[in-house]
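Each remark here refers to the structure printed beneath this line.
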Amino acid sequence: MARSHSSRTSPGEPPLQLFAPLGDRPLLLALRALKLGDLLVAVPALKALARTFPDHAVVYAAPAWLAPVVRLVPGVRALLPTGGLDDPLDIAPGLVDIAANLHGNGPESRGLIAALQARLTIRHAAPDCRIDPREPEWVDGMPERRRWARLVNAFGADACEDDVGIDIPSAPSPAPGAVVVHIGAFYGSRQWPVERFAAVAAGLAASGERVVVTGGDSDVGRAVAVVQGAELPQQAMLAGRLALDELAALVAGSRLVISADTGAAHLASAYGVPSVVIFGPAPVEEWGPPPGPHIVLTDASVRHGDAFAPDPDPALLAVDVDAVLEASRSLLAQER
């Protein structure tokens, strides 16, 4: 019997951020307490879960700052703020009818999901046992979009791994038709050198393109250096100035996105916007874009593969300015 979400435990309801009314629908909770790119590669699985269980309200458990983009995923009705795997999910046991572990297959995520006491649990088989015969084995090295589509499909869904599209924000783009040079990267391993970004931005601006530079709050210093190095106007500096939905609107309305393997590159994939993606520590085979107007640049033969390293991965540094400009101009020529 499906459990209603309407009965909550003291002191009140979980801090759900609602995107649409839940009504009396039973809850389907999908755990993926990670970053923007991790959300976007799980979109095919999330959309398929919403289609497969249309009587359920799909709740995504992830960091609260992702809410502006989570609300753009068709079928997802709420976000349960979840900072990581150290604390229990802020929802009482028995309130979730279907729980999906889209986070991983380690003991931490499996434990959080088990504590929900859901009627149905969608997860990979544990290394030492399979509780439900439908649980697929975990396969290392699989493309992330395929991994989660494969998981939900094992439980009767119809996910297509390349179904990555999300809704466009209602807010207008702050720079329609621009070329977006996204210099942000959470770890140093993915930070392509500032002077190379500046040279690319200068080259495209000299060709008549409107170029804007984006990144997060921690990227402002690097972004300012890129804008100054490329001699772009001050209004081109958008790093640290855009909310997440504004970044999504910017990408959706852009002509081209140039980025390391970050959330901005995955937004370009979600909107079918041409992109040049510079890969460093992450394998392209697992995290690369779906088929479309996307060019990936890297040198896997020199990759160290340490995503948390403070210095740029050699595979990233192997990509030079000329290669990025050539790829960018090729994609822009196709758009004309």
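What is the stretch 64-172 by shape, rounded, prolate or oblate, if you read a ≥ b ≥ c off the alpha carbon gyration tensor as root eigenvalues and call it rounded for a/c under 1.5, prolate for a/b larger than b/c, and oblate otherwise?
Oblate, since a/c reaches 1.5 and b/c is not below a/b.
Apply the Karplus parameterisation 6.51 cos²θ - 1.76 cosθ + 1.60, with θ equal to phi minus 60°, to every residue of the stretch 23-28 and state each ³J(HN,Hα) to the nearest whole Hz, in sequence, with x for glycine and proline.
Values, residue by residue: x, 9, 5, x, 8, 10 Hz.
Working out 0.36 nm times the residue gap between A115 and Q235, then minus their Cα-Cα distance, what length gain in nm do you get to one decimal? Walk me through the numbers before you get to the answer.
Values: separation 120, 0.36 × 120 = 43.20 nm, distance 4.92 nm.
So the extension gain works out to 38.3 nm.
Between the stretch 269-322 and the stretch 87-131, what is the separation of their alpha carbon centroids in Å?
Distance between centres, Cα-based: 32 Å.
Treating the beta-carbon of each Lys and Arg as +1 and of each Asp and Glu as -1, no other charges, what is the dipole magnitude of the stretch 107-190 about its Cα centre, to the nearest 20 debye? If you can, show how the numbers build up before the last one.
Details: 10 positive and 12 negative charges, 30 e Å.
Magnitude of the dipole: close to 140 debye.
For A100, list long-range residues whose amide hydrogen, built 1.01 Å from N in the peptide plane, is under 5 Å from its own amide hydrogen.
Counting only residues 5 or more places away or on other chains, the set is L29, A30, L31, I122.
Return the FRET efficiency for the residue pair E195, D140: r is the Cβ-Cβ distance, R0 is 51 Å, and the value is rounded to the nearest 0.05. Walk me through the intermediate numbers first.
Working: r = 37 Å, r/R0 = 0.72.
With R0 = 51 Å, the Cβ-Cβ based efficiency is 0.90.
Within a 10 angstrom radius of the beta carbon, how do H304, H294 rank from fewest other beta carbons to most? Don't skip to the end; give the middle numbers.
Values: H304 15, H294 20.
Going from sparsest to densest Cβ surroundings: H304, H294.
Could you give the nm distance between label points at A300 and A92, where each point is 7 Å from its Cα heading toward the beta carbon?
Distance between label points: 5.0 nm.
In the stretch 176-191, whose amide N lies under 12 Å from the spot 7 Å out along Cα-to-Cβ of D311? List them in ranges.
Residues 189 qualify, since their backbone N sits under 12 Å from the label point.
Which residue fluctuates the most in the chain, going by a Gaussian network model with Cα springs under 10 Å, if the choices are R130, R190, R147?
Largest GNM mean-square fluctuation: R130.
Once both labels are modelled 7 Å past Cα along the beta-carbon direction, what's the A171-S207 spacing in nm?
2.9
Based only on other Cβ atoms within 10 Å, what is the fewest-to-most ordering of S218, S328? Numbers along the way, then the final one.
Details: S218 12, S328 25.
By the 10 Å Cβ count, ascending, the order reads S218, S328.
What ³J(HN,Hα) values, in whole Hz, does the Karplus curve 6.51 cos²θ - 1.76 cosθ + 1.60 give for the stretch 202-207 when θ = phi - 60°, with x put for Gly and Pro?
5, x, 6, 5, 5, 8
Which one, P233, P193, P26, has the greatest fluctuation when you compute a Gaussian network model over the chain with C-alpha springs under 10 angstrom?
Residue with maximal mean-square fluctuation among P233, P193, P26: P233.
What's the extension gain from S218 to R130 if we count 0.36 nm per residue and subtract their Cα-Cα distance?
Details: separation 88, 0.36 × 88 = 31.68 nm, distance 4.31 nm.
Contour length minus Cα-Cα distance gives 27.4 nm.
In the chain, what % of DSSP beta bridges are antiparallel (nearest 5)?
Roughly 10 percent of the beta bridges in the chain run antiparallel, per DSSP.
Just in the stretch 204-261: which GluC sites (Glu not before Pro) are loop by DSSP and have at most 13 other Cβ atoms within 10 Å?
On the way: sites: E209, E231, E246; in loops: E209, E231.
Filter output for the stretch 204-261: E231.
Based on the alpha-carbon gyration tensor of the stretch 120-193 and its eigenvalue square roots a ≥ b ≥ c, which shape applies: rounded if a/c is under 1.5, prolate if not and a/b is larger than b/c, or oblate?
Details: a/c = 3.66, a/b = 1.85, b/c = 1.98.
In terms of gyration-tensor shape, oblate.
Quick one, can you get me the convex hull of the C-alpha atoms of the stretch 179-335 expressed as volume per residue in Å³? Kindly include the intermediate steps, with their values, before the conclusion.
Values: hull volume 15.5 nm³, N = 157.
Taking the convex hull of the Cα positions in the stretch 179-335, it is 98 Å³ per residue.
HN-Hα J couplings of the stretch 156-163 from phi, Karplus 6.51/-1.76/1.60, θ = phi - 60°, integer Hz, Gly and Pro as x?
x, 7, 10, 5, 10, 4, 9, 7
For the residues M142, M237, what sequence is obtained by ranking on other C-beta atoms within 10 Å, fewest first?
Least to most surrounded, the residues fall as M142, M237.
Read-outs throughout are calculated quantities, based only on the coordinates presented, and are distinct from any laboratory measurement. Since this is a predicted model, take the numbers as computed values, not measurements. Positions of Cβ are generated from backbone atoms using ideal geometry, with glycine treated the same way; all protein chains shown enter the neighbour counts.
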